[in-house]
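Accompanying notes for the structure given below.
The values are calculated or read from the model by the stated rules, or taken from the named source; none is laboratory data. None of these values were measured; they are calculated from a predicted model. Every residue, glycine as well, gets a Cβ built from its backbone with ideal geometry; the counts of neighbours run over all protein chains shown. To get the accessible areas, we keep the full protein, side chains included, count just its heavy atoms, and leave off ligands, DNA and RNA. Shrake-Rupley method; radii C 1.70, N 1.55, O 1.52, S 1.80 Å.
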Amino acid sequence: MYGRYTQDLGTFAKDEAARLRLQQGHGEGDTPRPRRPSELLEYTQGRCAPCRVCALQCQRFLISKVGEDWVFLILLGLVMALVSWAMDFAIATCLQAQKWMYGGLDTNVLLQYLAWVTYPTVLITFSAGFTQILAPQAVGSGIPEMKTILRGVVLKEYLTLKTFVAKVIGLTCALGSGMPLGKEGPFVHIASMCAALLSRFLSLFGGIYENEARNIEMLAAACAVGVGCCFAAPIGGVLFSIEVTSTFFAVRNYWRGFFAATFSAFIFRVLAVWNKDEETITALFKTRFRLDFPFDLQELPAFAVIGIASGFGGALFVYLNRKIVQFMRRQKTINRFLMKKRLLFPALVTLLISTLTFPPGFGQFMAGQLTQKDTLVTLFDNQTWAKQGLSDEFEYLGILEAWRHPRSNVFVTLVVFILMKFWMSALATTIPVPCGAFMPVFVIGAAFGRLVGESMAAWFPDGIHTDSNTYRIVPGGYAVVGAAALSGAVTHTVSTAVIVFELTGQISHILPVMIAVILANAVAQSLQPSLYDSIIRIKKLPYLPELGWGHHEKYNVRVEDIMVRDIRYVTLNCKYRDLQHVLHSTKMKSLPLVESAESMILLGSIERAQVGALLSHQLSPQRRLQALRQKMLAEDGHRLSDASIRFQVRGAAAS
């Protein structure tokens with residue numbers, strides 16, 4: 001009976017163990033689940049090995065059949081299109097909120113003014129503070145830094161995740177405030193950061209980031225994507241990125257830029273259709289100029305005048321922008337005060353500009369309530385607003401009502417708009433927030449072209465007679481020409497003509513646009529550097545700019561004519577006295593490091609400040625005390641060893 005009882009007990013134990021194994025999720029023949037971390041790691045590696053092999057095979061198949069570059073460029077275009085669409089949606093929401101606040105307080109002008117001024121001030125201040133705290137490298141356009149990086153210079157923290165987040169959020173707040181700022185330049189920087197982050201974080205594309213040549217090629221393609229997804233202009237985006245960022249361009253990168261920019265622009269416009277903002281894929285600022293006779297040959301002198309005047313205007317804009325920055329930096333009292341109160345300058349500039357654009361105030365003379373997008377839509381309108389200077393001959397409908405004033409005509413409104421927006425944009429682009437200058441300049445150029453077009457329509461009210469046919473002047477066409485000319489003059493690019501064609505969806509004014517852009521570039525390049533080269537000079541970035549007009553004799557200057565011949569150097573076996581002599585006898589910021597004074601083989605260079613810091617660290621009081629302690633310990637140890645030896649000798653003698 002005792003044996004039967006023990007047998008039943010053993011059966012019960014086996015059944016209980018089997019039940020526990022089933023509850024834990026494995027059968028009777030399986031190995032038990034691991035409990036220690038080491039066992040868990042071995043268990044998971046053993047279970048996941050087939051999955052990892054399968055994933056690796058899929059990656060190899062994808063790369064072999066599709067190509068590493070294609071996959072990378074598709075991902076880059078997709079991500080940038082999503083970022084651009086999300087930012088546009090957030091910016092439009094912010095601008096709509098400002099209009100809602102302004103319209104809801106129409107019973108009290110003072111409350112309207114407070115809402116109109118406070119809203120952009122808070123957004124700009126937040127953008128400036130957030131950028132300064134998270135990543136100060138995100139301030140500004142980003143194109144000057146990308147020009148420097150594509151030259152092979154390493155700029156720390158300019159292509160990191162922190163800078164990407166600061167740039168996206170800061171730019172969204174800055175543009176949502178309604179200030180005259182642009183997004184094209186920052187988007188070139190954002191696309192470059194996106195390419196760098198994709199190649200860095202995805203193991204599939206690790207080779208791109210590790211290889212410097214491939215990395216530069218992908219950054220060049222990313223610059224094209226930035227412009228392409230910003231304006232849905234892939235062809236103009238590729239050409240603009242080549243003109244702005246590259247001194248030479250490898251033709252093998254051409255297809256990369258076109259493919260990524262086209263894919264990004266397509267996804268960007270598809271998202272607009274998906275969100276029911278558009279019925280189908282169309283141009284951002286679609287125009288409806290007549291195609292049978294868009295302009296007369298007798299109008300070409302007027303287009304040429306727009307180009308020449310835009311050249312002078314672009315040079316003046318660059319000069320004014322640079323002088324504002326230099327004034328703020330040279331005035332030491334103001335500079336010291338603003339360095340302590342970093343958020344005061346952007347708040348004051350925003351307060352000034354928003355006060356002047358307040359619609360019931362001075363803003364009524366310059367269409368102050370219109371956003372940049374609405375302003376462009378109205379300026380590209382193909383109807384004539386005024387004939388012979390009388391503003392009441394045209395029926396203003398919708399947002400066109402902003403250009404009408406009962407006590408002045410449209411010419412006064414356009415002139416005031418151009419003059420005020422000119423210095424406002426030059427001042428606003430100096431605010432330490434992520435922002436560009438392309439879009440404000442584009443709008444100013446469109447307003448100037450519109451002014452010339454309205455003047456032509458007033459001088460020729462019945463149009464220009466050609467072969468007994470009468471064709472009226474189309475001021476919207478002049479606005480397109482002016483926008484391309486002024487933006488091309490400021491950036492020293494010709495591709496703005498192509499961007500204009502893709503923005504408007506019409507190529508009817510190709511000849512006037514090209515004439516005006518070329519003339520504007522000729523005038524601007526002879527007077528001032530481009531806006532991006534001007535910023536490079538202000539920031540003192542390591543970039544060698546192109547020689548301007550009138551300096552071609554400097555091409556004959558050789559390196560030996562500007563090199564310093566008698567320079568101090570550091571050798572590998574030099575002593576403290578030699579280093580001190582070198583530091584006191586020269587003021588060069590960088591010292592060459594050679595193998596020896598006899599061979600003079602250059603090993604590299606070291607900055608003067610770094611040599612001084614190393615010397616001060618090696619000879620600091622703490623290091624001296626440490627050396628003394630070590631010396632004393634060594635001497636004490638030597639004495640103890642001598643005493644023990646003497647003790648052993650005496651002990652041996654006594655024995």
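In the neighborhood of Val594, defined by Cβ-to-Cβ distances under 13 Å, what is the net charge if each Lys or Arg adds +1 and each Asp or Glu adds -1?
Values: positive: Arg568; negative: Asp578, Glu595, Glu598.
It works out to a net charge of -2.
In whole Å, what three semi-axes, largest first, describe the equivalent ellipsoid of the range 473-626 built from its Cα gyration tensor (square root of 5 times each eigenvalue)?
56, 19, 12
Could you give the size of the charge dipole of the range 570-625 about its Cα centre, using +1 on the Cβ of each K and R and -1 on the Cβ of each D and E, expressed in debye and rounded to the nearest 20?
Working: 7 positive and 4 negative charges, 68 e Å.
Value, rounded to 20: 320 debye.
Amide H to amide H under 5 Å from Ile606: which residues, 5+ apart in sequence or cross-chain, H placed 1.01 Å off N in plane?
For Ile606, whose amide H was placed from the backbone, the distant partners under 5 Å are Leu591, Leu593.
Leaving out ligands, DNA and RNA, what percent of the accessible area of the range 62-275 is carbon and sulfur, probe 1.4 Å? Please list the in-between numbers first.
Working: 5910 of 8380 Å².
Carbon plus sulfur share of accessible area: 70 percent.
Using a Förster distance of 45 Å, how high is the FRET efficiency between Ala627 and Ile133, based on the Cβ-Cβ distance and rounded to 0.05?
It comes to 0.60.
Just by accessible area at a 1.4 angstrom probe, what is the order of Trp385, Trp459 from largest to smallest?
Trp459, Trp385
For the range 296-343, divide the Cα radius of gyration by the Kirkwood radius and give the resulting Rg/Rh value with two decimals. Before the final figure, lay out each step's value.
Numbers: Rg = 19.2 Å, Rh = 13.5 Å.
My calculation puts Rg/Rh at 1.41.
When the solvent-accessible surface of protein heavy atoms is calculated with a 1.4 angstrom probe, in what order do Phe362, Phe266 fall, highest first?
From most exposed to least exposed: Phe266, Phe362.
Report the accessible area of Arg568, computed with a 1.4 Å probe over the heavy atoms of all protein chains in place, in Å² rounded to the nearest 10.
Answer for Arg568: close to 100 Å² accessible.
Given a Förster distance of 56 angstrom, what is the FRET efficiency for Trp459 paired with Lys589, based on the Cβ-Cβ distance and rounded to 0.05?
It comes out at approximately 0.40.
In 5 Å bins starting at zero, report the fraction of Cα pairs in the range 62-275 per bin as a rounded %.
Final binned percentages: 1, 7, 15, 18, 18, 14, 10, 6, 4, 3, 2, 1, 0, 0.
Between beta-carbons, use under 14 Å as the cut-off and find the net charge around Ile190, counting Lys and Arg +1, Asp and Glu -1. Display every interim value, and only then the final one.
On the way: positive: Lys162, Lys167, Lys183; negative: Asp88, Glu145, Glu184.
It works out to a net charge of 0.
In a shell of Cβ-Cβ distance under 11 Å around Ile535, excluding Ile535 itself, what net charge do Lys and Arg (+1) and Asp and Glu (-1) give?
Local charge sum for Ile535: +3.
Given R₀ = 56 Å, what would the calculated FRET efficiency be for Val71 paired with Phe289, taking r from the Cβ atoms and rounding to 0.05?
Using R0 = 56 Å, I get an efficiency of 0.85.
For the range 555-567, take each phi angle, set θ = phi - 60°, evaluate the Karplus expression 6.51 cos²θ - 1.76 cosθ + 1.60, and give the result in whole Hz per residue in order, putting x for glycine and proline.
Result, ordered by residue: 5, 8, 6, 9, 5, 5, 6, 10, 6, 8, 7, 8, 10 Hz.
Calculate, in nm to one decimal, what Val557 and Ser596 gain on full extension: separation in residues at 0.36 nm each, minus their alpha carbon distance. Don't skip to the end; give the middle numbers.
Details: separation 39, 0.36 × 39 = 14.04 nm, distance 3.15 nm.
Extending this stretch completely gives an extra 10.9 nm.
From the backbone phi of the range 88-98, what are the Karplus-calculated ³J(HN,Hα) couplings (6.51 cos²θ - 1.76 cosθ + 1.60, θ = phi - 60°) in whole Hz, Gly and Pro given as x?
Residue by residue, the range 88-98 yields 4, 5, 5, 5, 4, 5, 4, 5, 5, 5, 5 Hz.
Which parts of the range 585-604 would a label at Leu619 reach, counting a residue when its backbone N lies under 13 Å from a point 7 Å out along Cα-to-Cβ?
So the set is empty, nothing qualifies.
I'd like the accessible area for Met424, computed on protein heavy atoms only with a 1.4 Å probe and all protein chains in place. Round to 10 Å², please.
So the heavy atoms of Met424 present about 0 Å² to solvent.
Suppose we look only past 12 Å in the calculated P(r) of the range 570-625. What percent of the Cα-Cα pairs does that tail hold?
Summing the P(r) tail past 12 Å for the range 570-625 gives 69 percent.
Mind grabbing the accessible area of Glu502 for me, 1.4 Å probe, Å², rounded to tens?
Using a 1.4 Å probe on the heavy atoms, I get roughly 40 Å².
Roughly what would the spin-label model give for Leu105 and Arg577, points 7 Å off Cα along C-beta, in nm?
So the two model labels end up 7.6 nm from each other.
Could you grab the relative contact order for the range 570-625? Cα pairs under 8 Å, six or more apart, rounded to a whole percent. Show your work: numbers first, answer last.
Working: 48 pairs, mean separation 15.8, N = 56.
28 percent.
For the pairs Lys341/Lys587; Lys587/Lys631; Lys162/Lys421; Lys99/Lys167, note any where the Cα-Cα span goes beyond 29 Å. Please report the intermediate quantities before stating the final value.
Working: Lys341/Lys587 34 Å; Lys587/Lys631 37 Å; Lys162/Lys421 33 Å; Lys99/Lys167 25 Å.
Those over the limit are Lys341/Lys587; Lys587/Lys631; Lys162/Lys421.
Suppose accessible area is computed on protein heavy atoms with a 1.4 Å probe; arrange Lys162, Lys421, Lys587, Lys147 from highest to lowest.
Lys587, Lys162, Lys421, Lys147
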